[in-house]
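J.: Pasting in a structure now, in structure tokens, and then I'll have a few things to ask.
The values are calculated or read from the model by the stated rules, or taken from the named source; none is laboratory data. Everything quoted here is computed from the prediction, not taken from an experiment. Quick reminder, even Gly has a Cβ in these numbers, built from the backbone with ideal geometry, and neighbours come from all protein chains shown. Please note that ligands, DNA and RNA were not included when accessible areas were found on the heavy atoms of the full protein model with its side chains. Shrake-Rupley method; radii C 1.70, N 1.55, O 1.52, S 1.80 Å.
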Amino acid sequence: MNKLLFGLSLTKKSGKLTYGFDSVKTSVIKGEAYLVLLTSDLSEKTVKRVKYFCENITDVYKTSLTQFEISQVVGRLTGVLAITDENLAILCRNAIKETEGEL
């Protein structure tokens, strides 16, 4: 299993995963999000909007995973996710850095 998917499944099971554009935006604005993840098949307009509201607040990473692959863990199609636990965010960030780069 992909290390990032494993980290996301742990995050989901612990209740520290927020997903969906509006829910993630709320988490970021409240200062609850330690890491925001975007899927590879997200529209450029949405990517720009997410980068804008996360600017100077939290890190944003674009993953190589698609919405379908994420849905296998989350249970629904979504392209924007936020991790609201610091240690789980570190786990996922390290998994991303092994294979991918920061947006």
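J.: Within the bounds of region 60-81, is there any residue that is in a helix (DSSP H, G or I), modelled with pLDDT under 95 and of a type in the set (D, E, K, R)?
T.: Yes, because at least one residue in region 60-81 is in a helix (DSSP H, G or I), modelled with pLDDT under 95 and of a type in the set (D, E, K, R).
J.: Which residues, counting only those in region 17-56, are among the polar types (S, T, N, Q) and either in contact with a Pro (Cβ under 9 Å, 6 or more places away or on another chain) or open to solvent by 80 Å² or more (accessible area, probe 1.4 Å) (or both)?
T.: Hit for region 17-56 is Asn56, nothing else.
J.: What residue, among those in region 65-97 that are open to solvent by 50 Å² or more (accessible area, probe 1.4 Å) and among the basic types (Lys, Arg), is farthest from Lys30 (Cα to Cα)?
T.: Here the residue is Lys97.
J.: Could you figure out which of (1) surrounded by 18 or more Cβ atoms within 10 Å (Cβ to Cβ); (2) touching a residue at least 40 places away in the same chain (Cβ under 8 Å) isn't true of Asp59?
T.: (1)
J.: On to the next question. Give the number of residues within region 39-56 that are in a helix (DSSP H, G or I) and either in contact (Cβ under 8 Å) with a residue 60 or more places away in the chain or among the charged types (D, E, K, R) (or both).
T.: Of the residues in that region, 5 qualify.
J.: Restricting to region 1-38, give me the number of residues that are under 16 Å from Tyr61 (Cβ atoms), part of a loop (DSSP other than H, G, I, E, B) and modelled with pLDDT of 95 or more.
T.: 2
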